[in-house]
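K.L.:
This is the structure I have questions about; it appears just below.
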Amino acid sequence: MYKLIVSDLDGTLVDKDKNISEYTKKIVALLREKGIEFIIATGRSYKGAKHVYDALELNSEIVCNNGTTIYDNKGKLIFQRTLDSKIVNDVFKKSLEADCVFFATYGTQVYIGEGSIEKANTFLFYPLENPIEINLDNIDFYTFEKIVLMDKNSEKLKCLSSYFNRYDEINAFISQEDYLDIVHFETSKGKALEAIAKLKNIDLKHTIAFGDAFNDYEMLKVAGKGLVMKNGFEDLKKEFETLDLTNDENGVAKYLANLFFLESR
């Protein structure tokens with residue numbers, strides 16, 4: 001019997017407009033009535049994920065920044081890993097050389113490469129609010145949980161991913177078509193799932209994970225059942241069971257409704 005459900009947000013639980021459907025809200029509520037926990041695991045910051053958390057009326061932990069941070073049900077930070085400053089410097093210099101947008105987060109604060117706010121907003125669903133601009137002179141003053149390099153050239157991002165993965169201290173992976181995520185090597189959504197399952201004394205074989213991109217890989221791997229959205233990355237579909245529905249078709253909710261014999265009210 002499955003006891004814990006964990007789901008990615010973008011490309012998985014929310015639709016292309018970043019909205020959570022009423023149907024999904026109802027199914028998650030019915031799961032809670034059955035004593036089944038539902039957890040969000042996202043690449044977003046806590047601030048970026050909180051409105052979905054609230055819309056679902058969750059009372060569980062929330063995994064943010066691809067597992068670099070975990071918050072409890074009161075919004076208290078219970079786990080955090082930050083990036084080494086020397087590596088951050090190299091990543092920033094490479095972003096300048098490659099003419100990529102440098103985007104980083106720490107808590108609720110957002111950082112952006114100097115002079116690139118307008119360009120960054122072409123990649124982001126919501127315009128940036130009060131970002132701190134980063135340059136070679138001030139970058140050492142700041143600490144980051146996650147870095148994202150953004151570019152329309154996916155091949156460029158793949159090359160940069162290979163370059164950065166030479167470091168033992170970080171993981172670099174394509175999280176969305178135009179996004180290269182960089183996080184501490186000890187963090188992932190999979191490691192976060194393991195930690196939360198242990199905290200709740202739930203065997204991983206009793207967990208289900210939903211995702212669509214490479215930042216979901218470890219989570220899909222460690223879960224008792226890992227499921228990829230129909231709209232997910234093709235390489236993930238080769239390794240994991242794939243849903244017949246997309247995020248725009250309430251794929252996660254409809255799968256769970258069928259699995260647990262739930263009826264939407």
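K.L.:
Can you tell me how many residues within the range 81-104 are open to solvent by less than 60 Å² (accessible area, probe 1.4 Å) and within 18 Å of GLU169 (Cα to Cα)?
P.N.:
Taking the range 81-104 and keeping what is open to solvent by less than 60 Å² (accessible area, probe 1.4 Å), we get 82-83, 87-92, 94-95, 98, 100-104.
Keeping just the survivors that are within 18 Å of GLU169 (Cα to Cα) gives 82-83, 87-92, 94, 104.
So the count comes out to 10.
K.L.:
Something else now. Any residue at all in the range 43-54 that is of a type in the set (Phe, Trp, Tyr), under 22 Å from PHE214 (Cα atoms) and open to solvent by less than 60 Å² (accessible area, probe 1.4 Å)?
P.N.:
The answer is yes, given that some residue of the range 43-54 is of a type in the set (Phe, Trp, Tyr), under 22 Å from PHE214 (Cα atoms) and open to solvent by less than 60 Å² (accessible area, probe 1.4 Å).
K.L.:
So, of the residues in the range 105-144 that are of a type in the set (Gly, Ala, Ser) and over 24 Å from SER162 (Cβ atoms), which turns out to be surrounded by the fewest Cβ atoms within 10 Å (Cβ to Cβ)?
P.N.:
Among those residues, the one meeting the criterion is GLY115.
K.L.:
Restricting attention to the range 145-166, report how many residues are open to solvent by 10 Å² or more (accessible area, probe 1.4 Å), part of a loop (DSSP other than H, G, I, E, B) and either closer than 22 Å to ASP216 by Cβ or basic (Lys, Arg) (or both).
P.N.:
Going residue by residue through the range 145-166, those that are open to solvent by 10 Å² or more (accessible area, probe 1.4 Å) are 146, 151-156, 158-163, 165-166.
In the following step, the residues that additionally are part of a loop (DSSP other than H, G, I, E, B) were identified as 151-153, 165-166.
Cutting the leftovers down to either closer than 22 Å to ASP216 by Cβ or basic (Lys, Arg) (or both) gives us 151-152, 165-166.
Looking only at that region, the number is 4.
K.L.:
Regarding GLU218, is this residue out of contact with any strand residue (DSSP E or B) (no Cβ under 6 Å at 6 or more places or on another chain) and among the charged types (D, E, K, R)?
P.N.:
The answer is yes for GLU218.
K.L.:
Touching a helix residue (DSSP H, G or I) at 6+ places or on another chain (Cβ under 6 Å) and without any contact (Cβ under 8 Å) to a residue 40 or more places away in the chain, is that true of LEU204?
P.N.:
yes
K.L.:
I need the full set of residues from the range 11-31 which are closer than 13 Å to HIS51 by Cβ, open to solvent by 20 Å² or more (accessible area, probe 1.4 Å) and in contact (Cβ under 8 Å) with a residue 40 or more places away in the chain, in order please.
P.N.:
Of everything in the range 11-31, just one residue is closer than 13 Å to HIS51 by Cβ, open to solvent by 20 Å² or more (accessible area, probe 1.4 Å) and in contact (Cβ under 8 Å) with a residue 40 or more places away in the chain, namely LYS18.
K.L.:
A follow-up question, please. Please go through the range 23-38 and give me each residue that is among the hydrophobic types (A, V, I, L, M, F, W, C) and over 16 Å from TYR255 (Cα atoms), ordered by number.
P.N.:
The answer is none; no residue qualifies.
K.L.:
Restricting to helices (runs of 4 or more DSSP H) lying wholly in the range 208-265: which have 2 or more residues that are farther than 25 Å from GLY35 by Cα?
P.N.:
Output list reads 217-222, 234-237.
K.L.:
State all residues of the range 66-80 that are surrounded by 15 or more Cβ atoms within 10 Å (Cβ to Cβ) and touching a helix residue (DSSP H, G or I) at 6+ places or on another chain (Cβ under 8 Å); if no residue qualifies, say none.
P.N.:
Correct list: ASN66, GLY67, THR69, ILE70, TYR71, PHE79.
K.L.:
A follow-up question, please. Out of (1) closer than 23 Å to LEU4 by Cα; (2) in contact with a Ser or Thr (Cβ under 9 Å, 6 or more places away or on another chain), the odd one out for ASP181 is which?
P.N.:
Every condition holds for ASP181 apart from (1).
K.L.:
Oh, and also: Among the listed residues LEU58, LEU83, which satisfies the condition of being within 22 Å of GLU218 (Cα to Cα) and not in a helix (DSSP H, G or I)?
P.N.:
The unique qualifying residue is LEU83.
The values are calculated or read from the model by the stated rules, or taken from the named source; none is laboratory data. On a predicted model such as this, the values are computed, not experimentally measured, just so you know. As a convention, Cβ positions derive from the backbone with ideal geometry for all residues, glycine included, and neighbour counts pool all protein chains shown. Side chains included, ligands, DNA and RNA excluded: accessible areas come from the protein's heavy atoms. Shrake-Rupley method; radii C 1.70, N 1.55, O 1.52, S 1.80 Å.
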